[in-house]
1. Relative contact order for the chain: what percent, with Cα pairs under 8 Å and sequence separation of 6 or more?
2. Rounded to whole Hz and in sequence order, give me ³J(HN,Hα) for the range 33-41 from the Karplus expression 6.51 cos²θ - 1.76 cosθ + 1.60, θ = phi - 60°, writing x for Gly and Pro.
3. Rounded to whole Å and ordered largest first, report the semi-axes of the equivalent ellipsoid of the range 38-95 derived from its Cα gyration tensor (root of 5λ).
4. Using a 1.4 Å probe, what is the accessible area per residue for the range 4-125, in Å²?
5. Could you state the angle between the C-alpha long axis of helix 77-87 and the longest principal axis of the C-alpha atoms of the chain, as a value from 0 to 90 degrees rounded to the nearest 10?
6. If every alpha-carbon in the chain counts as one equal scatterer, what log10 I(q)/I(0) does Debye give at q = 0.12, 0.19, 0.22, 0.23 1/Å?
7. Pulled fully out, how much extra length does the chain show between residue 85 and residue 66, if you take 0.36 nm times their separation in residues and subtract their Cα-Cα distance?
8. Could you work out the helix-only [θ] at 222 nm for the chain, with each DSSP H run of four or more residues adding -39,500 (n - 2.57) and the total divided by the number of residues, to the nearest 500 deg cm²/dmol?
Amino acid sequence: RKRAHMAGVSARPLFLYGTLLDPAVLARQAGQRGLARRLLPARLAGWRRVALRGTRWPTLLRDAESATEGAALRTDAAALARLAAYEGPEYRLVPVRIRTRRGPRAARAWIAPRWRADTGRCWAPPR
């Protein structure tokens with residue numbers, strides 16, 4: 001299988017499912033304008049989006065009967081560092097398996113520890 005390499009761009013995309021789906025938020029937090037044009041619609045099976053306990057932010061919770069819609073994004077190291085700072089210490093980059101129109105692929109998603117998830121509060125991205 002042939003792999004395309006772009007200098008400085010991560011091989012494993014991020015799966016975005018929350019506030020970073022907003023193009024203005026993504027550009028501001030990543031420090032790169034136009035990044036939203038590179039978002040690829042993606043779906044993460046086996047996880048549901050819920051609120052992070054005590055906040056207005058989302059996290060993901062394992063749930064075999066659910067799936068979360070979001071987007072895949074490849075970033076360079078500088079944007080990844082800025083996005084990690086935005087996500088903060090509550091979240092860890094966790095390996096996940098997503099599906100895009102190009103098929104299944106390995107990705108990473110920022111997910112808070114399970115005990116931080118407010119299981120009774122679903123979270124929907126801004127429209």
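The values are calculated or read from the model by the stated rules, or taken from the named source; none is laboratory data. Keep in mind the model is a prediction, meaning the values are calculated, not measured. Calculation scope for accessible area: heavy atoms of the full protein, side chains included, ligands and nucleic acids excluded. Shrake-Rupley method; radii C 1.70, N 1.55, O 1.52, S 1.80 Å.
1. Values: 242 pairs, mean separation 42.2, N = 127.
Relative contact order here is 33 percent.
2. Once θ is set to phi - 60°, the couplings for the range 33-41 become 6, x, 4, 4, 5, 9, 5, 10, x Hz.
3. Numbers: eigenvalues 87, 57, 17 Å².
Taking √(5λ) for each Cα gyration eigenvalue gives 21, 17, 9 Å.
4. Details: 6840 Å² over 122 residues.
Counting only protein heavy atoms, the per-residue value for the range 4-125 is 56 Å².
5. Between helix and principal axis, roughly 10 degrees.
6. Log-scaled intensity ratios, in q order: -0.42, -1.09, -1.45, -1.57.
7. Working: separation 19, 0.36 × 19 = 6.84 nm, distance 2.85 nm.
Here the segment from residue 85 to residue 66 would lengthen by 4.0 nm.
8. Details: 2 runs with 19 residues, N = 127.
Rounded to the nearest 500, it is -4500 deg cm²/dmol.
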